[in-house]
Structures are given as C-alpha cells and as structure tokens.
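Written below as structure tokens is the structure these notes are about.
The values are calculated or read from the model by the stated rules, or taken from the named source; none is laboratory data. Note that the coordinates shown come from a computational prediction; the quantities given were computed from them, not determined experimentally. Here the Cβ is made from the backbone with ideal geometry for all residues, glycine too, and neighbour counts use every protein chain on show.
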Amino acid sequence: MGRKMNEGGVALLWRKSLANCIVPLELNDDRIIGIQLQISPSDYIVIYQVYLPCANYSNDCIRNLFLSFMICIASIVSPSVIVEPHDES
C-alpha cells in the first residue's frame, strides 16, 4: 500500500489448511512481521520475518535497527517488559 515495486518488504506464506492455527501478530514496523502458530491446544510457536539491510549501512545503523526489532518483539512477548539501549562506551 503506497509502495512502489522493488522497494522491499517482508512476507510469510502458509498453506490454507493451516489458516485456523495461525494468528498474524500486529507489529508496528515496516521491516518485521510475525505469526503465532498453534501446535497443540496449549503450545504455540512464534515466527518472525525480519528484513535487514545487507550492505552500505554502518554498524551503528544495523545496531539501531536490531534494537528497534528487539523492542518490538519484547512488546509482543511481554508487554510489561521495557527494553532500553545499552551504552557500550
């Protein structure tokens, strides 16, 4: 929506027969998507697909993207958990 072709993105595909076992996760990030797959009445697997740049990006940029993904994932796993950046200097 609103994107041109060849501008990237992420996707997860599954068979129609699994549709009743899968819940798409609502993540507020253009570079990460996720699903929750029910494998038994009380067990779930969470699967994330993440788009990370592979070239022409600094380590700081990649580190910041990774941190934002971890914050996004932590908010789904445990909404009460607060993830803060760690300053290595």
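Let's see how each residue does on (1) surrounded by 11 or more Cβ atoms within 10 Å (Cβ to Cβ); (2) among the aliphatic types (A, V, I, L, M):
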{"position": "ARG31", "(1), (2)": "yes, no"}
{"position": "GLN36", "(1), (2)": "yes, no"}
{"position": "ILE39", "(1), (2)": "no, yes"}
{"position": "TYR48", "(1), (2)": "yes, no"}
{"position": "TYR57", "(1), (2)": "yes, no"}
{"position": "ASN64", "(1), (2)": "yes, no"}
{"position": "LEU67", "(1), (2)": "yes, yes"}
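Every residue in region 60-77 that is touching a residue at least 24 places away in the same chain (Cβ under 8 Å) and hydrophobic (A, V, I, L, M, F, W, C), please.
So in region 60-77, the residues touching a residue at least 24 places away in the same chain (Cβ under 8 Å) come out as 65, 68-69, 72-73, 76-77.
Passing the criteria: LEU65, PHE69, CYS72, ILE73, ILE76, VAL77.
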| Among all residue pairs at least 6 apart or on different chains, which show Cβ distances below 9 Å where the first residue, located in region 31-49, is without any contact (Cβ under 8 Å) to a residue 12 or more places away in the chain and part of a loop (DSSP other than H, G, I, E, B) and the second is surrounded by 14 or more Cβ atoms within 10 Å (Cβ to Cβ) and of a type in the set (Phe, Trp, Tyr)? | none
| query | For region 46-57, how many residues meet the condition of being within 15 Å of LEU13 (Cα to Cα) and hydrophobic (A, V, I, L, M, F, W, C)? | reply | 3
| said: If I filter region 2-10 for residues that are assigned to a loop (DSSP other than H, G, I, E, B) and at pLDDT 80 or above, do I get at least one hit? | reply: yes
